[in-house]
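Structure first, then comments.
Where a number appears in this text, it was derived from the coordinates with a stated rule and is not lab data. Quick caveat: nothing in here was measured; it's all calculated off a predicted structure. Note that we place each Cβ from the backbone using ideal geometry, even for glycine, and neighbour counts take in every protein chain shown.
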Amino acid sequence: MRKNIVAGNWKMNKNLQEGLALATELDGILKDKEINCDVVIGTPFIHLASVAAAIDTDKIGVSAQNCADKASGAYTGETSVEMIKSTGAAYVILGHSERREYYAETSEILNDKVTLTLEAGLTPIYCCGEALDIREAGTQNEFVINQLKETVFKLSEEDFKKVVIAYEPIWAIGTGVTASSDQAQEMHKALREAIAANYSAEVADETSILYGGSCKPSNAKELFANPDVDGGLIGGASLKAEDFVGIIDAF
Ligand code: PEP
C-alpha cells in the first residue's frame, strides 16, 4: 500500500542548536499525537546524527538533502551514503531543482546517487519538476516524465518500488505561488500513468508521489485530497514546528 508522507526540507537553514531545538519540539508535539502519515525531516548533513539521536526515529524519519556520487575515498568535502546511514538517517532527498541548477547535477550524476542510496538501504526522495517557461509552453508533462525516464525509470522494478517521487514545479518553490490543486493532480496522475507504462499498474499504485512548492497549512488539505497526491515535500513551512504540524494534520 502506498504511504502518505509529509517530508520537510530544511535546506541550508538552522545552525545545529536551532535544528536540534526544532527537531525536539516536533518530536514532543508528535509523541502522543495520532498522525495519519509518515513524517520525515530533511536536515543539513551536520545535524543528522544529533537530530536522529534526539528524536524517536520510528515516528519521525531523518533525511539527508544530498549525498556524494561516489561510495568513499579521496573526495574532499563530500558525504557518502554510508556516512549518512551511520547517523541513523533513513532517507536522502535527491535531484532537488536547487541542486540541479546551482550544482549542475545531471541525470548521470543523479543515477549514481540513486543507485548508491538504494545500495545503502536508504530511501531516495527523488525530485522532479519543470521551470516556468516549460509550464507556459504547455510541455510540462513530457518534460517531467522525461526527467524520470533518464533516471529512476532505469531502475529495476524491485528498486523503483523503494523510491518516493516528489513533484516540485520550480515556479512554485519558495515563491508563495502554489500549483493549484488541479495542476498538482493532473501532473501526479500523468506521472502515475507513466510509472504504470514503465513498470505496471500495481507498481504505479504503490508509489508515493509527493507535491512540493509553497505548500502550507492553509493549502495542504486541498492538495492532499487529490487521489494522486500522497503528501508533500515542504521547504519554508517545515522550519516552524507549528506550520509543519499544521501540514501533517491535513491528513
Ligand atoms: C522545496 O524546495 O522542496 C520546497 C517545496 O520549498 P517551499 O515549500 O519553500 O516552496
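Some points to look at:
- Condition met for V40 (outside any loop (DSSP other than H, G, I, E, B), out of contact with any Leu (no Cβ under 6 Å at 6 or more places or on another chain), under 26 Å from D230 (Cβ atoms) and free of Cβ contacts under 8 Å to residues at least 60 places away in the same chain): no
- If you check K70, K33 for being farther than 28 Å from Y102 by Cβ, part of a loop (DSSP other than H, G, I, E, B), among the basic types (K, R) and more than 19 Å from the chain's Cα centre (by Cα), only one passes: K33.
- Candidates are the residues of region 141-165 that are among the polar types (S, T, N, Q) and either within 16 Å of the ligand (Cβ to nearest atom) or surrounded by fewer than 22 Cβ atoms within 10 Å (Cβ to Cβ) (or both); the one that is nearest to T87 (Cα to Cα) is S156.
- Scanning region 166-200 for residues that are touching a Ser or Thr at 6+ places or on another chain (Cβ under 9 Å), polar (S, T, N, Q) and surrounded by 18 or more Cβ atoms within 10 Å (Cβ to Cβ) yields a total of 1.
- Some residue of region 80-92 being closer than 28 Å to A184 by Cα and not aromatic (F, W, Y): yes
- Failed item, numbered, when C127 is tested on (1) surrounded by fewer than 21 Cβ atoms within 10 Å (Cβ to Cβ); (2) under 25 Å from Q185 (Cβ atoms): (1)
- T87 being surrounded by fewer than 17 Cβ atoms within 10 Å (Cβ to Cβ) and either among the β-branched types (V, I, T) or within 16 Å of the ligand (Cβ to nearest atom) (or both): no
- Inter-residue pairs, beta-carbon under 9 Å, first touching a residue at least 60 places away in the same chain (Cβ under 8 Å) and in region 68-97, second within 16 Å of the ligand (Cβ to nearest atom) and part of a helix (DSSP H, G or I), 6+ apart: I93/R99; S97/I170
- Residues in region 78-107 that are polar (S, T, N, Q), closer than 16 Å to P124 by Cβ and assigned to a helix (DSSP H, G or I): S97, S107.
- Scanning region 124-140 for residues that are hydroxyl-bearing (S, T, Y) and away from the ligand (no atom under 16 Å from the Cβ) returns a single hit, T139.
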